[in-house]
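Okay, so here's the structure we're looking at.
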Amino acid sequence: MKRIAIVEDEFLMREELSSMLRKAYYHVDEITEFEDVTAKLLELSPDLILLDINLPGLSGYQICQEVKQKSSIPVLVLTSLDKLRDELHALDLGADEYLTKPCRKERLLARVSNVLKRYEGRSNLLEGAGFLLDRQTYTLYINNTSVILPKNQGKILEVFLAHRDEVVSKEELCLAIWGTTEFIDENALQVNLTRLKKTMANLMMSQQIVPVRGIGYRLISEIG
């Protein structure tokens, strides 16, 4: 059963949407408190987010942008804002669909179904800032091109993406590459990291791998 998270502050509208989606055999999670919405959505990791724009706290625009920077969860914006500039702004921030309220039930359910179908084949994809990594083939999709990474480079990048902005220990990297933490070959680890850094530089990726003294490494968008 597909999971849909509803981010809507109007109680009656939220209840109507929830009822409609449950009758269509979706599992529904309702966001009813609007602090740290992005964190809640990432923790829920639904198959689709139904997102209003006018919300207490962060706007739906900001939430959409934050979600898309950190995940590949599809976002369907459902809002009373009916100006073309509003729609273009939402789509530019990564929204997958844009519908205005009021909206016929049949149209909304059709758009929900279409977005979910588009993402069915993306369960193996990890999303970074401006690129996607297929965790099965280690194909990197960036700047309208694709590159198959050597296996070890793909494994390292997968670990960094799984940890997002967190520090990844040397033990975790060794486990990803060699399947064991019984020994840490510093030289071999450095060789693999250097090769990945070179690949990223050649692809003009904005991310960089930086050491965190005494702990491990972190993937960041830029050095602050």
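Compute the length gained on full extension between residue 25 and residue 62: take 0.36 nm times their separation in residues and subtract their Cα-Cα distance, giving the result in nm to one decimal.
Values: separation 37, 0.36 × 37 = 13.32 nm, distance 2.94 nm.
Full extension from residue 25 to residue 62 adds 10.4 nm.
What is the distance, in nm, between label points placed 7 Å from the Cα along the Cα-to-Cβ direction at residue 1 and at residue 142?
In this crude label model, residue 1 to residue 142 measures out at 4.0 nm.
May I ask you to derive the FRET efficiency for residue 109 and residue 220 from their Cβ-Cβ distance with R0 = 41 Å, giving the value to the nearest 0.05? Could the numbers behind the result be given before it?
Values: r = 41 Å, r/R0 = 0.99.
Once rounded, the FRET efficiency stands at 0.50.
How much length is gained on full extension from residue 118 to residue 163, taking 0.36 nm per residue of separation minus their Cα-Cα distance? Kindly include the intermediate steps, with their values, before the conclusion.
Numbers: separation 45, 0.36 × 45 = 16.20 nm, distance 2.56 nm.
Net length gain for the segment: 13.6 nm.
Given Cβ point charges of +1 (Lys, Arg) and -1 (Asp, Glu) and nothing else, what value in debye, to the nearest 20, does the dipole of region 125-220 about its Cα centre take? Don't jump to the answer; show the numbers that get you there.
Values: 10 positive and 10 negative charges, 61 e Å.
Here region 125-220 has a charge dipole of around 300 debye.
In sequence order, what are the phi-derived ³J(HN,Hα) couplings for region 66-77 according to the Karplus relation 6.51 cos²θ - 1.76 cosθ + 1.60 with θ = phi - 60°, rounded to whole Hz, with x for glycine and proline?
Per residue, the Karplus-derived 3J(HN,Hα) values read 5, 4, 6, 6, 10, 7, 10, 5, x, 10, 10, 7 Hz.
Mind pulling the angle between the C-alpha long axis of helix 105-119 and the longest principal axis of the chain? Nearest 10 degrees, somewhere in 0 to 90.
That helix lies at roughly 10 degrees to the long axis.
How far apart, in nanometres, would the label points at residue 12 and residue 84 be if each is projected 7 angstrom from Cα along the Cα-to-Cβ direction?
The answer from the label model is 3.3 nm.
Tell me which label goes with the value of volume of the Cα convex hull per residue in Å³ computed from the coordinates here: (1) 146; (2) 115; (3) 129.
Given (1) 146; (2) 115; (3) 129, the structure-derived one carries the label (1).
Amide H to amide H, which residues 5 or more places from residue 131 or on other chains are under 5 Å from it, using H placed in the peptide plane?
When sequence neighbours closer than 5 places are left aside, there are no close amide H contacts.
Take the residue pairs 155/198; 151/197; 170/197; 68/170; 40/155 and return only those whose Cα atoms are more than 25 Å apart.
On the way: 155/198 15 Å; 151/197 14 Å; 170/197 16 Å; 68/170 28 Å; 40/155 28 Å.
The pairs that break the limit, which is 25 Å between Cα atoms, are 68/170; 40/155.
Leaving out same-chain residues fewer than 8 places away, which aspartates and glutamates sit with a Cα under 16 Å from that of residue 117?
Here the aspartates and glutamates satisfying the reach criterion relative to residue 117 are 47, 96, 97.
For residue 92 and residue 184, compute 0.36 nm times the residue count separating them, minus their Cα-Cα distance, and round to one decimal in nm. Mind showing how you got there, number by number?
On the way: separation 92, 0.36 × 92 = 33.12 nm, distance 4.39 nm.
Gain on stretching residue 92 to residue 184: 28.7 nm.
Which residues' amide hydrogens lie under 5 Å from the amide hydrogen of residue 101, considering only partners 5 or more residues apart or on another chain, with H built in the peptide plane?
79, 80, 81
Using Cα pairs closer than 8 Å and at least 6 residues apart in sequence, work out the relative contact order for the chain, in percent.
Values: 318 pairs, mean separation 26.0, N = 224.
Reported as a whole number, the value is 12 percent.
Using alpha carbon centroids, what distance separates region 22-48 and region 138-204, in Å?
Between the Cα centre of region 22-48 and that of region 138-204, the gap is 31 Å.
With +1 assigned to the C-beta of every Lys and Arg and -1 to the C-beta of every Asp and Glu, and no other charges, what is the dipole magnitude of region 105-180 about the Cα centre in debye, to the nearest 20?
Numbers: 11 positive and 9 negative charges, 90 e Å.
Using only the charged Cβ atoms, the result is roughly 440 debye.
Once phi is turned into ³J(HN,Hα) by the Karplus curve 6.51 cos²θ - 1.76 cosθ + 1.60 with θ = phi - 60°, what whole-Hz value does each residue of region 19-31 show in order, with x for glycine and proline?
Each residue's phi maps through the Karplus curve to give 4, 4, 6, 5, 5, 8, 6, 9, 7, 10, 10, 9, 8 Hz.
Values quoted throughout were computed directly from the atomic coordinates according to the rules given, and no laboratory measurement underlies them. Nothing here was measured: the structure is a model prediction, and the numbers come from that model. So basically every Cβ, Gly included, is an ideal-geometry build from the backbone, and we count neighbours across all protein chains shown.
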